[in-house]
Amino acid sequence: MGAFGEAESRRKRKGWAVKFIFRFLILIENMNRNARAGKAKASWKKLGQVGVEYVLVLAVLLLILVPIIYYTSVNTRITNRSAQARVAVDALANAVDTVYSQGPGAKTKIVIYVPDGVQTDGTGIYGRELRYNLTIAEGAYADIYALARGNVTGTLPTVTGRHFVNVEMLGGTVNISE
C-alpha cells in the first residue's frame, strides 16, 4: 500500500467514532418515530435497550474526556505560573541592567507580578543571579532565573500578587527593595 493509500486508510479510521454516534442517534430517532406512529409493537423493548446503550456510550466518552480535560488544565496552570515567574525575573533583570548602566544614583521603580507557588527557599539574589524557585507540581520544583550585568543585593518579593519594586544603584552594586 503506497503513502496515499495509508493516508486514506487513516482518514477513514479516524472518523469511526463520529459516524457511530450519528448512526446511533438516528437509530433512536427512528425508533421514537415508529413508536409514536404505532408501527412497531416491540419497539419499546428495543428503545429501552437503545437507551441503556446510549447511556453506556456517554459513560465511556466521559471516562475518556475527563482525564484529558484534567491533564490539560494542570499543564495550563503550570505553564502559566512558569511564564509569570519568567516575566517577573526578566523585568527585574532588565531594570537592574538599566540602572547599572546609568551609574551611581540611578534608580527606577517597576511593577512585577509574583505567581502562586513561589518558595522562599531557593528564591533570592545570588551575586548577579535573580532566581525564583517555583513549585510546578506535587514535589516538583523549577528554578526560573536571569543574570544581571552587575552585582545585585536586596530581596525578591515572594508573596503572590502585584509588587512595586525599587531598583537603585548604590556604590558598585544595584539594590532591589520593595
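The values are calculated or read from the model by the stated rules, or taken from the named source; none is laboratory data. Since this is a predicted model, take the numbers as computed values, not measurements. FYI the Cβ positions are ideal-geometry reconstructions off the backbone, even for glycines, and counts take in every protein chain you see.
Hey, among the residues in the range 100-134 that are among the hydroxyl-bearing types (Ser, Thr, Tyr) and surrounded by 14 or more Cβ atoms within 10 Å (Cβ to Cβ), which one's nearest to Thr155 (Cα to Cα)?
Step one: list which residues in the range 100-134 are among the hydroxyl-bearing types (Ser, Thr, Tyr), which gives 100-101, 108, 113, 120, 123, 126, 132.
If we keep only those that are surrounded by 14 or more Cβ atoms within 10 Å (Cβ to Cβ) as well, we get 100, 108, 113, 123, 132.
Numbers: Tyr100: 17, Thr108: 16, Tyr113: 15, Thr123: 9, Tyr132: 11 Å.
Once the filter is applied, the top-ranked residue is Thr123.
I need the full set of residues from the range 55-99 which are crowded, with 16+ Cβ neighbours inside 10 Å and over 24 Å from Gly117 (Cβ atoms), in order please.
Going through the range 55-99, the residues crowded, with 16+ Cβ neighbours inside 10 Å turn out to be 78, 81-82, 84-86, 88-89, 91-93, 95-99.
Answer for the range 55-99, where residues must be crowded, with 16+ Cβ neighbours inside 10 Å and over 24 Å from Gly117 (Cβ atoms): Asp97, Thr98, Val99.
Could you list, ordered by first residue, the pairs with Cβ atoms under 9 Å in which the first is in the range 162-178 and exposed (fewer than 11 other Cβ atoms within 10 Å of the Cβ) and the second is among the charged types (D, E, K, R), at least 6 apart or interchain?
Note: pairs meeting the criteria are Phe164/Lys109; Phe164/Glu178.
Any residue in the range 120-148 that's in the same structural domain as Ala93 (by TED's automatic domain parsing) and of a type in the set (A, V, I, L, M): show its pairings with residues that are exposed (fewer than 13 other Cβ atoms within 10 Å of the Cβ) and not in a strand (DSSP E or B) at Cβ separation under 8 Å, as long as the two are six or more apart or on different chains.
Ala137/Val74
Would you be able to say whether some residue in the range 99-112 is in a helix (DSSP H, G or I) and charged (D, E, K, R)? Quick ask: steps written out before the conclusion?
As a first pass, look at the range 99-112 and keep what is in a helix (DSSP H, G or I): 99-102.
When the remaining residues are screened for being charged (D, E, K, R), the result is none.
Scanning the range 99-112 turns up no residue that is in a helix (DSSP H, G or I) and charged (D, E, K, R).
Any residue that is in a helix (DSSP H, G or I) and of a type in the set (Val, Ile, Thr) - is there at least one of those in the range 83-94? Reasoning before the result, please.
Kept after step one, since they are in a helix (DSSP H, G or I), are these residues of the range 83-94: 83-94.
Subsequent filtering for residues that are of a type in the set (Val, Ile, Thr) retains 87, 89.
There is at least one residue in the range 83-94 that is in a helix (DSSP H, G or I) and of a type in the set (Val, Ile, Thr).
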